[in-house]
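The values are calculated or read from the model by the stated rules, or taken from the named source; none is laboratory data. None of the values given here were measured: they were computed from a predicted structure. All Cβ positions, glycine included, derive from the backbone under ideal geometry; neighbour counts span all protein chains shown. Note: areas computed on protein heavy atoms with side chains; ligands, DNA, RNA excluded. Shrake-Rupley method; radii C 1.70, N 1.55, O 1.52, S 1.80 Å.
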Amino acid sequence: MHKIFLFLFFCFLLGNGYAQDTAAWSNPLNVQFGDPYILRTGSGKYYMYGTGAGADNGFVAYSSDDLINWKREGQVYYGNNKNGWGEHSYWAPEVYERNGKYYLFYSAQWKENPGKELENFKIGVAVADQPTGPFIDLQNKPVFNPDYPIIDANVLFAEDGRTYLYYSRCCYKHSVESEVARWAKDKGWFNEIEESWVYGVEMKPDFSGVIGEPVLLLRPPVKMNDPQAGWESRSVTSKEVNRRWTEGSFIFKKGDTYYMMYSANYFGGQNYAVGYATSKSPLGPFTKAANNPVLQKNTASGGIVTGTGHNSITYAPDGKTMLCVYHGRTSKTGDERVVFIDKMKVKDGILTVEGPTTGKQQLATTQNPLLADPTIFFNDGKYYLYGTAGRGMDSGFKAYSSDDKINWKEEGFVLRKGESYGDKGFWAPQVFKHQGKFYMAYTANEHIAIASADSPLGPFTQKEQKPLEAPVRMIDPFVYFDHSGKIYLYHVRLQDGNRIFVAELDKTLSNIDAATVKECINASLPWEDTQNVEWKVAEGPTVFRWKGWYYMIYSANDFRNPDYAIGYAIAPGPTGPWKKSGTGPIISQKNIGLNGTGHGDILWNTGGNPFYVFHVHASDAKVSPRRTAIIELSFIKNKGKADPLYALPKTFRLLNE
């Protein structure tokens with residue numbers, strides 16, 4: 001039986017915050033990867049891949065919701081899959097999300113080796129439906145064979161639709177004449193110096209091969225007086241090994257400039273370090289930066305980190321803070337490579353990394369307002385966001401404003417307890433403009449009230465603080481102004497479950513016409529009650545008209561249920577009869593990848609395209625604080641009938657991203 005005190009108690013426990021607290025992680029992470037790479041999926045979840053960590057001829061993965069707490073997902077790629085072409089030395093995986101699939105690029109020793117070369121490394125690509133695999137090679141051979149060993153694949157999906165593959169030619173049997181080589185030979189240290197070089201080449205769109213010939217992009221300096229020679233030649237000048245490396249490239253574009261980060265020196269030694277080069281074209285020419293190296297050992301300044309290198313880049317949950325992900329060693333970890341994450345930035349064309357660091361590091365505070373039951377109101381060129389604010393749900397409603405739906409400014413309380421009806425449980429607001437004034441329909445004390453203001457930022461007040469009169473508890477209001485001139489209140493009545501009703505409102509927005517109350521929807525389909533509960537839930541209605549048909553978007557299941565999801569129904573008129581979509585929910589954990597997708601509102605952009613703002617759970621393990629998200633909707637043309645409505649998962653993003 002639905003108990004109000006239990007419901008409010010759970011809401012208190014699971015309430016949402018206003019903004020995510022500043023979070024910290026500790027360097028190094030407890031992940032024993034070399035060559036770490038972090039994928040941030042469209043759903044906002046992070047997956048880390050790398051070399052080692054106990055993988056058996058393949059790769060393991062870790063997952064995280066926040067870059068702080070990492071869960072081992074097990075081995076996601078095995079070299080002996082049905083199309084596997086490698087035999088050992090599985091290194092440097094990178095995973096990319098493309099067109100609903102996940103593609104893993106990696107290096108391995110090719111078993112087709114008639115010359116029995118010690119280094120016969122090539123690059124392959126495998127595909128999976130999930131970031132946790134299982135990944136299966138696209139073909140039973142490498143992407144291509146340049147007739148020399150190659151490693152460290154990195155991929156760029158350019159704005160013009162082209163795809164580029166970057167890799168490192170190995171040092172193996174690649175001796176190169178240079179002043180550094182002559183210097184080392186004159187000292188009697190090494191007879192020759194082998195070098196690895198970074199190349200780039202256009203790749204076929206299906207990743208089955210390359211287009212054209214590879215282009216040399218980066219190599220160690222030839223002359224001793226080259227500004228880069230000192231740091232890039234330390235493996236030789238320290239008498240460590242007769243090789244100079246340029247490897248582990250990672251390319252990204254910022255503004256009109258391509259930045260390529262790369263690692264130099266022996267990966268197994270203390271001098272491994274990171275620099276970068278810039279270009280105006282994906283295939284160069286690249287110019288190495290004057291402030292190289294940007295990441296190197298810190299033992300000279302009293303630190304304990306050495307061997308820093310082979311980095312990738314990801315972004316913090318705020319969607320803005322750049323993070324350099326790399327491996328290194330400490331005096332405690334010895335020869336074991338472990339993962340570090342440090343902040344980095346590009347300012348005025350100069351790239352810097354704030355590392356290496358050890359101990360606790362602060363993540364940027366996300367600007368996501370973290371509202372449940374959100375609604376966005378557009379007025380005079382500005383967006384206003386409102387919603388249920390968890391810990392503040394007994395104080396009223398705050399608003400956030402934005403010019404672009406990305407950067408949000410907190411505007412403070414726009415409806416306060418004491419200035420309008422209610423003293424607890426302020427939920428699910430809707431803001432609209434009517435006859436020159438702004439109105440907020442909202443829930444408080446499990447009743448519905450409507451307050452007014454002269455601005456979208458309030459203050460929303462009532463002269464007479466009272467709810468709309470009704471014989472039952474009501475929540476989740478949505479006021480709809482029909483082209484007929486009638487005003488309808490769609491809402492949820494708490495009677496034998498959460499059920500969606502409609503009734504006419506009078507012109508003053510103060511009274512419900514009891515004679516017009518009519519039930520629209522209740523939870524009756526399997527997807528609407530996945531836990532087979534007694535108190536079934538259909539709630540959060542939003543109504544709009546499209547090509548003469550009325551559409552109602554609604555949510556079903558308890559909001560705490562991971563299967564909380566969003567569906568829709570269609571009717572020929574504003575009061576029904578409503579026919580639910582036969583395709584199931586249009587937004588759910590199945591197509592978004594996050595739990596608790598539900599209860600939002602529709603927003604039409606200036607081009608007439610619909611978007612839906614809604615909330616998702618904090619993580620797979622926690623309901624709160626619920627995060628605010630947005631997704632684009634679309635229609636399938638259906639001549640003579642109502643157009644089916646669907647969501648575009650690729651457009652999903654948390655509201656701060």
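Taking Arg40 as the residue in question, decide whether it is at pLDDT 95 or above, within 28 Å of Val274 (Cβ to Cβ) and open to solvent by 10 Å² or more (accessible area, probe 1.4 Å).
It is false that Arg40 is at pLDDT 95 or above, within 28 Å of Val274 (Cβ to Cβ) and open to solvent by 10 Å² or more (accessible area, probe 1.4 Å).
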What about Ile313, is it surrounded by fewer than 15 Cβ atoms within 10 Å (Cβ to Cβ), under 29 Å from Tyr199 (Cβ atoms) and either touching a Cys at 6+ places or on another chain (Cβ under 9 Å) or aliphatic (A, V, I, L, M) (or both)?
no
Report whether or not Lys547 is open to solvent by 60 Å² or more (accessible area, probe 1.4 Å), touching a Gly at 6+ places or on another chain (Cβ under 6 Å) and not aliphatic (A, V, I, L, M).
no
Among (1) outside any strand (DSSP E or B); (2) within 20 Å of the chain's Cα centre (by Cα), the one test that Leu283 misses
(2)
For region 271-304, how many residues are among the hydrophobic types (A, V, I, L, M, F, W, C) and either farther than 21 Å from Thr330 by Cα or modelled with pLDDT under 95 (or both)?
7
Going through region 399-428 in order, the residues found to be closer than 20 Å to His491 by Cβ, open to solvent by 10 Å² or more (accessible area, probe 1.4 Å) and touching an Asp or Glu at 6+ places or on another chain (Cβ under 8 Å) are Lys424, Trp427
Output for region 436-455, where each listed residue is part of a loop (DSSP other than H, G, I, E, B) and either of a type in the set (Gly, Ala, Ser) or touching a Pro at 6+ places or on another chain (Cβ under 6 Å) (or both)
Gly436, Ser455
For region 18-35, which positions are part of a loop (DSSP other than H, G, I, E, B), open to solvent by less than 30 Å² (accessible area, probe 1.4 Å) and modelled with pLDDT of 60 or more?
Leu29, Val31
Region 398-416 - residue that is at pLDDT 85 or above and aliphatic (A, V, I, L, M) and, of those, farthest from Ala451 (Cα to Cα)
Ala399
Here's a check for you: in region 643-657, which residue that is at pLDDT below 95 and outside any strand (DSSP E or B) is surrounded by the fewest Cβ atoms within 10 Å (Cβ to Cβ)?
Glu657
Among the residues of region 316-331, the number that are in a loop (DSSP other than H, G, I, E, B) and closer than 29 Å to Phe652 by Cβ is 6
Of all residues in region 89-113 being open to solvent by 70 Å² or more (accessible area, probe 1.4 Å) and at pLDDT 95 or above, the one that is farthest from Tyr49 (Cα to Cα)
Glu112
Among Gly124, Gly200, Gly161, which is surrounded by fewer than 23 Cβ atoms within 10 Å (Cβ to Cβ) and closer than 26 Å to Tyr102 by Cα?
Gly161
Just checking, does region 333-354 include any residue being open to solvent by less than 20 Å² (accessible area, probe 1.4 Å), of a type in the set (Asp, Glu) and touching a residue at least 12 places away in the same chain (Cβ under 8 Å)?
yes
Residues of region 332-360 being assigned to a strand (DSSP E or B) and of a type outside the set (A, V, I, L, M, F, W, C), in sequence order, are Asp342, Lys343, Lys345, Lys347, Thr352, Gly359, Lys360
Restricted to region 363-397 and to residues being open to solvent by 30 Å² or more (accessible area, probe 1.4 Å) and under 17 Å from His615 (Cα atoms), the residue modelled with the lowest pLDDT is Gln367
Select from region 61-92 the residues that are part of a strand (DSSP E or B) and hydrophobic (A, V, I, L, M, F, W, C) and write down the one among them that is nearest to Asp152 (Cα to Cα).
Ala92
Is there a residue in region 413-431 that is assigned to a strand (DSSP E or B), closer than 18 Å to Glu539 by Cα and of a type in the set (Ser, Thr, Tyr)?
no
Those residues of region 426-466 which are hydrophobic (A, V, I, L, M, F, W, C) and in contact with a Lys or Arg (Cβ under 8 Å, 6 or more places away or on another chain), in sequence order
Phe426, Ala444, Ala449, Ala453
Scanning region 58-75 for residues that are modelled with pLDDT of 95 or more and open to solvent by 30 Å² or more (accessible area, probe 1.4 Å) gives Arg72, Glu73, Gln75
